[in-house]
Amino acid sequence: MQKELEASVRSFAEETGRKLGNVAQPLRAALTGKSTSPGIFDVLDVLGREESLARLRDQTAVIKSA
């Protein structure tokens, strides 16, 4: 699962012309609320799909309401 997650994030970064760090760091902050954490792919794997998506939805709602 972790390899698929990494491939997806790397593909997104490449397709949008971003460096991996420019995608992973905001993703890390949205998922953990911190600027440092275990590897982002480990975090995604441990949280699982549903929890990761729920946390991203929550952060999107915060941004939209700001």
Flagged pairs (Cβ under 9 angstrom, 6 or more apart or on separate chains; first in segment 24-45, in contact (Cβ under 8 Å) with a residue 12 or more places away in the chain; second charged (D, E, K, R) and assigned to a loop (DSSP other than H, G, I, E, B)) are R28/K34
Number of the condition not met by G48 [criteria: (1) among the small types (G, A, S); (2) open to solvent by 100 Å² or more (accessible area, probe 1.4 Å); (3) at positive phi] = (2)
Does L53 meet the test of being among the aliphatic types (A, V, I, L, M), in a helix (DSSP H, G or I) and loosely packed, with under 13 Cβ neighbours inside 10 Å?
-> yes
Determine whether segment 41-62 contains at least one residue that is hydroxyl-bearing (S, T, Y) and under 11 Å from the mean Cα position of the chain (by Cα).
-> yes
Filtering segment 6-25 down to residues that are in a helix (DSSP H, G or I), loosely packed, with under 12 Cβ neighbours inside 10 Å and either in contact with a strand residue (DSSP E or B) (Cβ under 6 Å, 6 or more places away or on another chain) or small (G, A, S) (or both) yields A7, S11, G21
Would you mention how many residues in segment 30-41 are over 15 Å from A7 (Cβ atoms) and either loosely packed, with under 13 Cβ neighbours inside 10 Å or not hydrophobic (A, V, I, L, M, F, W, C) (or both)?
-> 7
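The values are calculated or read from the model by the stated rules, or taken from the named source; none is laboratory data. Predicted model only: the values in this text are computed from it and were never measured. For neighbour counting, all protein chains shown are included, and Cβ atoms are generated from backbone atoms with ideal geometry for every residue, glycine included. Heads up: the accessible areas ignore ligands, DNA and RNA and are worked out on the full protein's heavy atoms, side chains in. Shrake-Rupley method; radii C 1.70, N 1.55, O 1.52, S 1.80 Å.
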